Structure formats: C-alpha cells, structure tokens
Amino acid sequence: MHRAMIQARKKRVAVLISGRGSNMQALVEAARAPDYPAEIALVVSNRPEAPGLAWAKAQGLATLALNHKLYESREHFEGQLQSVLELSRIDLVALAGFLRLMTAPFVERWQGRMINIHPSLLPAFKGLHTHEQALAAGVRISGCTVHFVTPEMDGGPIIAQAAVPVLPDDTPETLADRVLAAEHKLYPTALARVARDQAAWTGDVVSVQLVENAGVNQEQALFSPWPPRAGY
Ligand code: GAR
C-alpha cells in the first residue's frame, strides 16, 4: 500500500498564546517535519500585541487576535473562541503561555484534547512566579510539565516532564532560561504523543504509554548537585 495511504491524518492543533510565544515556535518548528503527527492549523492570542502572534503571521500561519478586553464576560470570550476552533476543525488545543483562566464548561468540553505547559515539576509551584517559588523553597531540581487541562489551574493529569538542576547562583531569570530550553524540547514530544494517542485521557482514565525513558543515566536518576558522594 502507498505510504501516504497508511499514514494517519495529522491532528489539527490550535496554539493559544498571550505573549512571546517561544513554546508555540518550538511546536511550529517541530510540526514542519513530514512525519510529525500534528499540524499547527491556528495560532490565537488574547493579546493583539503579543510578539508571538506577529511571528506566527510572518510564518504564514493562520492567526487570530481575540482581545478578551472586548468581551463582556469570560463566557462571551470563550463562545467566540469555541466558534473559531470549530470553524478551523481543530482537534487539539495547546496552551503555550496563555495567561487566561478558562471556565469549567469550556475546559470540560475540551477534556483530553487540551494540553498546557507549566514551568515547574507539578504538582509543585502552581500558578505565577514559579521560579521565585522554586528558589524560595530551596529545591535542587526543577523543570517543566505538560499536562491535560482541567478546571483546576495547573492541576490536570501529567503527560510528560523534564527536570533541570537548580544551580547555586540561580536567579529566577537564569532558572527560567534553563527550564525554558527544556520546555522547547518537551512540548513537541508531548504533543506528538497526544496526537498519536500514546497519551490519552478518556473519562476518568489517563494512560500515558512510556515508550522509553530517555535522557537519564543508567540509574534512571537525575542528581543535583552532581556528583553524588560515593561511599555511604
Ligand atoms: C513558559 O515558560 C510557560 O511554561 C509559562 O509561560 C511561559 C511562556 O513563554 N506558562 C505558565 O506559567 C502557565 N502557568 P512563551 O510565551 O515564550 O512560550
């Protein structure tokens, strides 16, 4: 059989942003690979001036500025968003620095089809000022998480995580940069897993197929600080 005939249809993804959009860029760049299982069919920003929106436009992607300030309520804003997602025949929604809380009905409508990236090892350090929270807590390892979205902020079932060390002289900015580099690798792989149904959330059941555990040493552990002391 011809290869094109046996390949599954690419999932149509809408990426929702509010600002810089570097995670959206990582998804767009990954999706350029012919065998990537998803295409970025739409980029939406709730802030018209978001730099990420200008970048996406310049790439020739379909973009939309949906200024939340022009809507009288969250429900009206989400109603418009829902119409646009339906018109664009969107299969999956990827939140990438989308700084707007969504109502439970909207989130539930997209259950198992909407994912988010957060710059901490959830369930630690939900919400804003994540890196400040991590430094204040004194953790030696931080990272990022991709999860299915639920009405609870940063609270949904976890799909994938990446860990990075916290270094002695870290500021929130240097830690954010290290975590962001990991985000740009993690998000494309996590989205691909969801698009291939290797990570799925249906009803109350979450299944994440662990294809392999890559990126760790033979002991399957990340130590910080490194090296661990030998001999006791
Ligand atoms: C990213 O670090 C993302 O994880 C974070 O905002 C940043 C957006 O950067 N998201 C959250 O904190 C959500 N709770 P980007 O616009 O360059 O992708």
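The values are calculated or read from the model by the stated rules, or taken from the named source; none is laboratory data. Please read these numbers as outputs of a predicted model, since none were measured by experiment. Positions of Cβ are generated from backbone atoms using ideal geometry, with glycine treated the same way; all protein chains shown enter the neighbour counts.
Among the residues making up the range 77-100, those that are more than 16 Å from the ligand (Cβ to nearest atom) and either farther than 13 Å from Met114 by Cα or under 14 Å from the mean Cα position of the chain (by Cα) (or both) are Phe77, Glu78, Gly79, Gln80, Leu81, Ser83, Val84, Glu86, Leu87, Ser88, Arg89, Leu92.
Against the definition (out of contact with any Leu (no Cβ under 7 Å at 6 or more places or on another chain) and of a type in the set (Val, Ile, Thr)), how does Val93 come out, yes or no? So Val93 does not fit the description; no. Is there a residue being closer than 20 Å to Phe148 by Cα and out of contact with any helix residue (DSSP H, G or I) (no Cβ under 9 Å at 6 or more places or on another chain) anywhere in the range 29-50? So far as the range 29-50 goes, yes, one or more of its residues are closer than 20 Å to Phe148 by Cα and out of contact with any helix residue (DSSP H, G or I) (no Cβ under 9 Å at 6 or more places or on another chain). Scanning the range 63-90 for residues that are surrounded by 13 or more Cβ atoms within 10 Å (Cβ to Cβ) and part of a loop (DSSP other than H, G, I, E, B) yields Leu66, Tyr71, Ser88, Ile90.
Among the candidates Pro119, Pro172, the residue that is in contact (Cβ under 8 Å) with a residue 40 or more places away in the chain and closer than 25 Å to Leu81 by Cβ is uniquely Pro119. Contact map, the range 6-22: residues that are within 16 Å of the ligand (Cβ to nearest atom) and modelled with pLDDT of 95 or more paired with residues that are among the aromatic types (Phe, Trp, Tyr) and not in a loop (DSSP other than H, G, I, E, B), Cβ distance under 9 Å, separation 6+ or inter-chain. Pairs shown: Arg20/Trp55; Gly21/Trp55. Per this entry, Leu135 is not counted among residues that are more than 9 Å from the ligand (Cβ to nearest atom), in contact (Cβ under 8 Å) with a residue 40 or more places away in the chain and within 26 Å of Gln80 (Cα to Cα). Among all residues of the range 212-228, there is none that is at pLDDT 95 or above and either more than 22 Å from Arg9 (Cβ to Cβ) or of a type in the set (Gly, Ala, Ser) (or both). Comparison of Gly112, Gly156 shows that the only residue that is in contact with a His (Cβ under 6 Å, 6 or more places away or on another chain) and either away from the ligand (no atom under 11 Å from the Cβ) or assigned to a helix (DSSP H, G or I) (or both) is Gly156. Report yes if Gly143 is within 11 Å of the ligand (Cβ to nearest atom), on the phi > 0 side of the Ramachandran plot, without any contact (Cβ under 8 Å) to a residue 60 or more places away in the chain and part of a loop (DSSP other than H, G, I, E, B), otherwise no. Criteria not met by Gly143.
Residue selection: Ala182 fails the criterion of being modelled with pLDDT under 95, of a type in the set (Gly, Ala, Ser) and crowded, with 18+ Cβ neighbours inside 10 Å. Scanning the range 10-62 for residues being β-branched (Val, Ile, Thr) and part of a helix (DSSP H, G or I) gives a total of 1.
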